[in-house]
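Trainee: Right, I'll just put the structure down here and ask away after.
The values are calculated or read from the model by the stated rules, or taken from the named source; none is laboratory data. Just so you know, these numbers come straight off a predicted model, no measurement behind them. Counting neighbours? That spans all protein chains shown, and the Cβs are built from the backbone with ideal geometry, glycine included. For the accessible areas, the whole protein counts, side chains as well, though only heavy atoms, and no ligand, DNA or RNA atoms are used. Shrake-Rupley method; radii C 1.70, N 1.55, O 1.52, S 1.80 Å.
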Amino acid sequence: VQLQASGGGLVQAGGSLRLSCTASGSIFSISAMGWFRQAPGKQRELVAMKTNGGRTDYAESVKGRFTISRDGAKNTVYLQMNSLKFEDTAVYFCYARNSFGSNYWGQGTLVTVSS
């Protein structure tokens, strides 16, 4: 599975961005897709995840502001980020997991929120 992410950039606090990630390769085996992020000096953390069964999980810090969605026909996962805060600044990584438990990562896209 290969993951290609896009959509990062610079935005002012309170603004919005939408990240996209398209999967290719052995997409039939994907069981979940989502987003992680890593801020400077911090560990990578889960932002949002959506399984094939429809279960959705969010980090507490983004609930009510971020929305994850998937388009099965396009093999794409989106992360709509609203009301962005300075602390949302990080490199965002697309993630996929297959039904065998293997993990896949995209290349990362930088989101910078100016205060």
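Trainee: Wholly within segment 23-115, which strands (runs of 3 or more DSSP E) include no fewer than the required count, namely at least 3 residues that are within 21 Å of Gln4 (Cβ to Cβ)?
Mentor: Result: 30-38, 45-51, 66-71, 76-81, 90-98, 103-105, 109-114.
Trainee: Please tell me if Lys85 is of a type in the set (Lys, Arg) and open to solvent by 60 Å² or more (accessible area, probe 1.4 Å).
Mentor: So Lys85 fits the description; yes.
Listed here are the residues, each with its yes/no results for (1) open to solvent by less than 50 Å² (accessible area, probe 1.4 Å); (2) in contact with an Asp or Glu (Cβ under 9 Å, 6 or more places away or on another chain); (3) at pLDDT 95 or above; (4) among the hydroxyl-bearing types (Ser, Thr, Tyr).
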| site | (1), (2), (3), (4) |
| --- | --- |
| Arg37 | yes, yes, yes, no |
| Pro40 | no, no, no, no |
| Ala90 | yes, yes, yes, no |
| Phe93 | yes, no, yes, no |
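Trainee: Hey, among Lys50, Lys74, which residue is charged (D, E, K, R), touching a Lys or Arg at 6+ places or on another chain (Cβ under 8 Å) and within 14 Å of Cys21 (Cβ to Cβ)?
Mentor: Lys50
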